[in-house]
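The values are calculated or read from the model by the stated rules, or taken from the named source; none is laboratory data. Note that the coordinates shown come from a computational prediction; the quantities given were computed from them, not determined experimentally. Cβ placement follows ideal geometry from the backbone for every residue including glycine, while neighbour counts extend to all protein chains displayed. For the accessible areas, the whole protein counts, side chains as well, though only heavy atoms, and no ligand, DNA or RNA atoms are used. Shrake-Rupley method; radii C 1.70, N 1.55, O 1.52, S 1.80 Å.
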Amino acid sequence: MFTFTEEQEMLRKVIREFVEAEVAPKAQEWDEANHCPVELFPMLGEMGIVGTFVPEEYGGAGLGFVERSICLEELARHSAGLAITVMAHQLCMGGILNFGSEEQKKKYLPDLATGKKIGSLSLTEATGGSNFMGQKSTGEYKDWQWVINGRKCFITNSHLADVDLWTVITGQNEKGKPIMTAFIIDKDTPGHTAGRTEHKLGLCSSNTGDVSCVNVKLSPQQMLSQEGDGPKIALSTIQEVGRAGMSAICLGILRGCLEESVKFSNERIIYGKPLNKLMNIQFTIAENKLDYESAKLLTYRAASMKDKGLLCACEFALAKYAGNEGAIRAAKRTIDMMGGYGVINEYPIGRFLRDTLAGSTAGGTSDILKVVIAAETLKR
Ligand SMILES: Cc1cc2nc3c(=O)[nH]c(=O)nc-3n(C[C@H](O)[C@H](O)[C@H](O)COP(=O)(O)OP(=O)(O)OC[C@H]3O[C@@H](n4cnc5c(N)ncnc54)[C@H](O)[C@@H]3O)c2cc1C
């Protein structure tokens, strides 16, 4: 049975107060203006929200994945766009922390963990999303340097990141299979540029777009881990940092749906009584509560397993699947419950539905998550 410690409850309280004061009042405005509020990053850094799981020796808060999930849930309760910005930044830090050399950790983590710099993880390409070994970007070793070419798409923080992790194909093994290798690329490296910005259905206060490398020259010191370690780095970062983060973000949206449904049904008077006197409206509240509580258990159980060093690929897949599908159901149910008001943008519920749908593929589509869950279950 999972329970929060007193320190974790205290952390939640502090983050909630911050989010209610600094994020909630502006979240709708950021969404409408497609504005990613990176101006908050130094403050989020100071509070330990961006560097939650990074050890103190590298400038982080030295906490665990349960604490990280608390922070992301609280951010996403009011702005899933800001939450995914932080989450994607943490993908970059997670990759460097888990696979970087001591020199790379010392060079990059302190500025990232304190929010002075922004990170991104560039894996997806037009030919390689779920099928990430289908990537075509290349790295060629010439004249003592790696020369990187290719284009990534759907990258969160594409236009904001100072530090960008890339995976590229650096050759073929004896069986003719691609060898994938990861590199750390600094924003101002010549040839590394952000391309088109995507205009999305939701998560509009996050930045998503293309990033290209044209003859980007990197010293061998920019390689992350060894040649050929790209799949290991990408899979572990997506499964344990990305999926974990997305499950907490879905949970925040779910709590938003639950709280908005309670608030609206208390305040709306129909037939001279609050809306929640109708039994079908009570069913909506009960179903929203069930979706939230079950996703919460799965999310924090997976995070606490990760903190204990246990295998948790299946648990994170379950948590993200339950959270994402639950948030879609809860948002739709709440919109229905609200009648005409449900589609009025003055209420955040429409944004919650758009944000959930927009975040569905990040960290793995629901079908990919089911493939992971089934494979792990059959294996056990
Ligand atoms: C808002 C947002 C932010 C993102 N941020 C990042 C980021 O920061 N970095 C990054 O690298 N990427 C990012 N992505 C990309 C994301 O990881 C991909 O969208 C995701 O991996 C799916 O790939 P795809 O879009 O190419 O879809 P596809 O892989 O083409 O999937 C199409 C359909 O095929 C199904 N499918 C695919 N393979 C299988 C299979 N084996 N079995 C069953 N069904 C299958 C899928 O479920 C889906 O329904 C982001 C995407 C979005 C929308």
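Things to note:
- Using a cutoff of 8 angstrom between alpha carbon atoms and counting only pairs six or more residues apart, the relative contact order for the chain works out to 17 percent.
- Cross-link partners of K277 among aspartates and glutamates (Cα-Cα below 15 Å; sequence separation of 8 or more within a chain): E267
- Restricting the calculation to Cα atoms, every distinct pair contributes to the Kirkwood radius of the range 6-117, found to be 14.1 Å.
- Furthest towards positive pole of dipole, A248, I118, T52, structure part the chain, Cβ charges: A248
- Antiparallel DSSP beta bridges within the chain, percent to nearest 5: 85 percent
- Rounded to the nearest 20, the Cβ-based charge dipole of the range 120-231 about its Cα centre (Lys and Arg +1, Asp and Glu -1) stands at 300 debye.
- In plain terms, if you count all Cα to Cα distances in the range 120-231 and split them into 5 Å steps from zero, the share in each step is 2, 13, 24, 25, 19, 10, 5, 2, 1, 0 percent.
- Inter-part distance where the range 27-49 and the range 316-331 are each reduced to a Cα centre, Å: 24 Å
- In this structure, the residue pairs whose Cα-Cα separation is over 32 Å, taken from K117/K306; K175/K308; K175/K306, are K175/K308; K175/K306.
- Beta bridges per DSSP, both residues in the range 55-195: antiparallel share near 75 percent.
- Sequence ranges 201-208, 97-104, ranked by mean other-Cβ count within 10 angstrom, highest first: 201-208, 97-104
- Per-residue Karplus couplings for the range 56-73, computed as 6.51 cos²θ - 1.76 cosθ + 1.60 with θ equal to phi - 60°, are listed in order as 4, 4, 10, x, x, 8, x, 9, x, 6, 5, 5, 4, 5, 4, 4, 5, 4 Hz, Gly and Pro entered as x.
- Between E174 and S101, the FRET efficiency from the beta-carbon distance, with R0 = 22 Å, is close to 0.20.
- Put a plus charge on the Cβ of each Lys and Arg, a minus charge on the Cβ of each Asp and Glu, and nothing anywhere else: the dipole of the range 212-370 about its Cα centre is then about 260 debye.
- Cα-based helix-to-principal-axis angle, 279-307 vs the chain, degrees rounded to 10: 30 degrees
- Taking amide H positions as modeled 1.01 Å from N, with prolines and chain starts lacking one, the residues under 5 Å from V50 and 5 or more places away or on another chain are G45.
- In a fully extended conformation the segment linking T5 and L311 would gain 107.9 nm over its present Cα-Cα distance, using 0.36 nm per residue.
- Separation of alpha-carbon centers, the range 268-299 and the range 172-245, rounded to whole Å: 42 Å
- E346-E46 FRET efficiency (beta carbon distance; Förster radius 35 Å; 0.05 resolution): 0.60
- Size of electric dipole in the chain: Cβ of Lys, Arg +1 and of Asp, Glu -1, about Cα centre, debye, nearest 20: 1000 debye
- Virtual spin-label span in nm between T189 and N131, 7 Å along Cα→Cβ: 2.7 nm
- Relative contact order, percent, the range 6-117 [alpha-carbon distance under 8 Å, six or more residues apart]: 33 percent
- Angle between the chain longest axis and helix 313-337 axis [Cα atoms, degrees, rounded to 10]: 40 degrees
- The Cβ shell under 10 Å around I179 holds other residues with a net charge of -1, Lys and Arg each +1, Asp and Glu each -1.
- Of the accessible area of the chain, computed with a 1.4 Å probe over protein heavy atoms only, carbon and sulfur atoms account for 55 percent.
- Estimated D of the chain in µm² per second, where Rh is the Kirkwood radius over Cα pairs and Stokes-Einstein applies at 4 °C, 1.567 mPa s: 61 µm²/s
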